[in-house]
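Below is one structure, written out as structure tokens; comments come after it.
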Amino acid sequence: MDILLATEAVSYEIENKNILSDITLSIEKGSQTTIIGPSGGGKSTLLKIFATLLSPTSGTVFFQGTPSTSYKPEDYRKKVSYCFQQPTLFGETVFDNLLFPYTVRNKPFDEAHAKSLLQEVKLSKDYLQKKITELSGGEKQRVALLRNVLFLPEILLLDEVTTGLDEESKGIVNEWLNQLNQKNGTTLIRVTHDNEEIQQAKSTIRIVNGRMEASNELSSQ
């Protein structure tokens, strides 16, 4: 068993209120894990702790057997990439957003790779020069997701990324994410309330009132 990400007794509180309590779990390399449970139960908080966007009040997150705090934040986030529910695009065009991962790595922009990825999520090559103000919500989310995978991370953290998308966009995103996992081996950890996505989940972790109730291996649908 190749454990990629693990937590040991992770808890989180804010203003003396417990948001997460004593979360101990492990995520295998190449797996797909879906975190489920009622709203306000701590699911997104746990995902942000995985991403080091929040620091646990107590306990430890391990990535590849090493505490996440041992990594430089910029190095860790290249390997463990967090995708927001509401896509945040910047600049004027799709190009401005897809250029960014190359800029922070001091690498030349690979236009062919960017255009290939656009086509994978059913956007034409011409979208590279499209203004972000002209994009639909579903198109914005697809561009935001592509920005996270131009350089493939080890783990993709997905915080309700299909919420509010129309059925067509949701289907495109979910099919593409499955391909990332199956063809590229990217480990997926997602939070969702979507019943269809939960039914199709291969492995689930249920968080209720800040506590992990169960972890289930589900057969592939």
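Just so you know, all these numbers are worked out from the coordinates, no wet-lab data involved. None of the values given here were measured: they were computed from a predicted structure. Here the Cβ positions follow ideal geometry from the backbone for every residue, glycine too, while neighbour counts run over all protein chains shown.
Direction-averaged projected area, Cα convex hull, the chain: 12.4 nm², rounded to one decimal. Using θ = phi - 60° in the Karplus curve 6.51 cos²θ - 1.76 cosθ + 1.60, the 3J(HN,Hα) couplings for the stretch 24-35 round to 10, 7, 9, 10, 7, 4, x, 8, 10, 10, 10, 9 Hz; x is entered for Gly and Pro.
Counted residue by residue at 0.36 nm each, then reduced by the alpha carbon distance between them, the extension gain from residue 3 to residue 25 reaches 6.9 nm. In a fully extended conformation the segment linking residue 208 and residue 136 would gain 22.5 nm over its present Cα-Cα distance, using 0.36 nm per residue.
Annotation: for a label point projected 7 angstrom from Cα along Cα→Cβ of residue 17, residues of the stretch 38-65 with backbone N closer than 12 Å are 40-42.
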